[in-house]
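Have a look at this one before I ask anything.
Bear in mind these aren't lab numbers, they're just calculated from the coordinates by the rules spelled out. Since the model is a prediction, treat every value here as computed from it, not as a measurement. Ideal geometry is used to build each Cβ from the backbone, glycine not excepted, and the neighbour counts take in all protein chains shown.
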Amino acid sequence: MGGAVSAGEDNDELIDNLKEAQYIRTELVEQAFRAIDRADYYLEEFKDNAYKDLAWKHGNIHLSAPCIYSEVMEALDLQPGLSFLNLGSGTGYLSSMVGLILGPFGVNHGVELHSDVIEYAKQKLDFFIKTSDSFDKFEFCEPSFVTGNCLEISPDCTQYDRVYCGAGVQKEHEDYMKNLLKVGGILVMPLEEKLTKITRTGPSAWETKKILAVSFAPLIQPNHADSGKSRLVHLPPVAVRSLQDLARIAIRGTIKKIIHQETMSKNGNGLKNPPRFKRRRVRRRRMETIVFLDKEVFASRISNPSDDNNNSEDIEDEARDEEETKPSELKPDPPVNFLREKVLSLPLPDPLKYYLLYYREK
């Protein structure tokens with residue numbers, strides 16, 4: 001077994017490695033990955049493996065390898081305000097990252113076969129909202145999960161801008177998946193052992209692109225042995241934001257603008273002479289074949305032949321960076337939640353302050 005990138009010591013190093021290997025290529029995707037610590041979605045006894053580029057499974061709980069999620073996030077081409085459907089939503093890790101990009105006026109739905117995994121996902125979502133230091137940097141599109149087989153979605157369901165399926169799709173179900181998309185929408189799914197991006201360019205027109213060789217566990221076929229009837233999955237309705245919610249979004253947005261203006265006024269057009277923090281340089285390494293455990297077992301990526309020639313340059317650069325930071329190696333201060341501080345300083349009743357903060361613990 002192995003991984004596409006080196007193991008990191010923490011979430012930031014994992015993201016650094018994914019960027020170095022060109023799995024993460026855009027700023028929006030990078031921000032989403034950095035905002036949510038992958039280890040938070042592991043059971044406590046397995047967290048030592050959280051920053052390895054490997055899939056993880058325990059019972060019904062499953063996480064794909066980080067390089068797979070990176071490719072999926074990049075291929076979905078997410079934008080604020082879009083609607084997203086996650087088929088096989090699992091722990092909710094991917095849905096939560098997507099929600100950070102969709103923003104408060106997006107739609108974020110998930111279908112998961114196992115009810116115990118949905119309970120696990122709801123616990124992890126609640127933990128993220130209440131405790132994450134990064135939550136207040138975003139306006140979040142909170143995911144909603146329903147239990148059921150994603151091959152039994154009610155035919156009268158709404159169509160989505162973006163759809164991802166986290167299990168291997170058989171060829172006979174390809175059209176079913178395509179019909180979940182709006183015109184202009186993007187579907188990403190494992191199809192015939194290739195992670196595949198399908199764009200709906202018209203009512204009956206499609207563009208298909210193969211992204212990566214993979215092997216996922218196949219979709220579970222519906223079982224009608226008990227009743228002989230299909231158990232239709234009804235997706236959550238597209239909810240309209242309440243006036244109270246809209247007011248909270250607007251107030252938080254205004255406060256963030258004020259904080260940004262104050263920071264710019266204090267520091268000019270940005271930080272003057274920002275401190276240099278030592279970060280481990282990721283060395284490129286040649287990797288022809290990647291192997292994963294438990295059904296999601298194989299991915300291949302062509303390495304850059306020039307990478308081996310860059311090792312000596314990397315070593316020299318690393319030595320130079322260490323030399324520069326030796327005289328006054330600085331450690332970053334704990335992050336300050338300026339939005340929280342500003343809200344708590346407002347002349348408002350405490351219940352209103354806590355409402356503006358989503359009743360967060362930190």
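Name the shape class, rounded, prolate or oblate, that the alpha-carbon gyration tensor gives for the stretch 30-86, where a ≥ b ≥ c are the square roots of its eigenvalues, rounded holds for a/c under 1.5, and otherwise prolate holds if a/b is larger than b/c and oblate otherwise.
Numbers: a/c = 2.11, a/b = 1.86, b/c = 1.13.
Because a/c hits 1.5 or more and a/b exceeds b/c, the stretch 30-86 counts as prolate.
Starting from 0.36 nm per residue, how many nanometres of slack lie between Thr158 and Arg241 once their C-alpha separation is accounted for?
On the way: separation 83, 0.36 × 83 = 29.88 nm, distance 1.79 nm.
Contour length minus Cα-Cα distance gives 28.1 nm.
Could you work out how much longer the chain between Gln261 and His114 gets when fully extended? Use 0.36 nm per residue separation minus the Cα distance between them, nm to one decimal. Can you show the working numbers first?
Numbers: separation 147, 0.36 × 147 = 52.92 nm, distance 4.68 nm.
Between Gln261 and His114, full extension yields 48.2 nm more.
Pairs Lys266/Lys342; Lys47/Lys257; Lys137/Lys353: which are spaced more than 28 Å apart, C-alpha to C-alpha? Could the numbers behind the result be given before it?
Working: Lys266/Lys342 16 Å; Lys47/Lys257 37 Å; Lys137/Lys353 17 Å.
Violating the 28 Å Cα-Cα cut-off are Lys47/Lys257.
PRE reach from Asn60 (point 7 Å along Cα→Cβ): which of the stretch 114-132 fall under 11 Å by backbone N?
114-121
Compute the FRET efficiency between Asn223 and Leu28 as 1/(1 + (r/R0)^6), taking r as their Cβ-Cβ distance and R0 = 41 Å, and round to the nearest 0.05.
On the way: r = 39 Å, r/R0 = 0.96.
Efficiency computed from Cβ-Cβ geometry: 0.55.
My understanding is that a pair violates if its Cα-Cα distance is over 26 Å; which of Lys182/Lys210; Lys19/Lys52; Lys130/Lys182 do that in this structure?
Numbers: Lys182/Lys210 20 Å; Lys19/Lys52 14 Å; Lys130/Lys182 34 Å.
In this structure, Lys130/Lys182 lie more than 26 Å apart at Cα.
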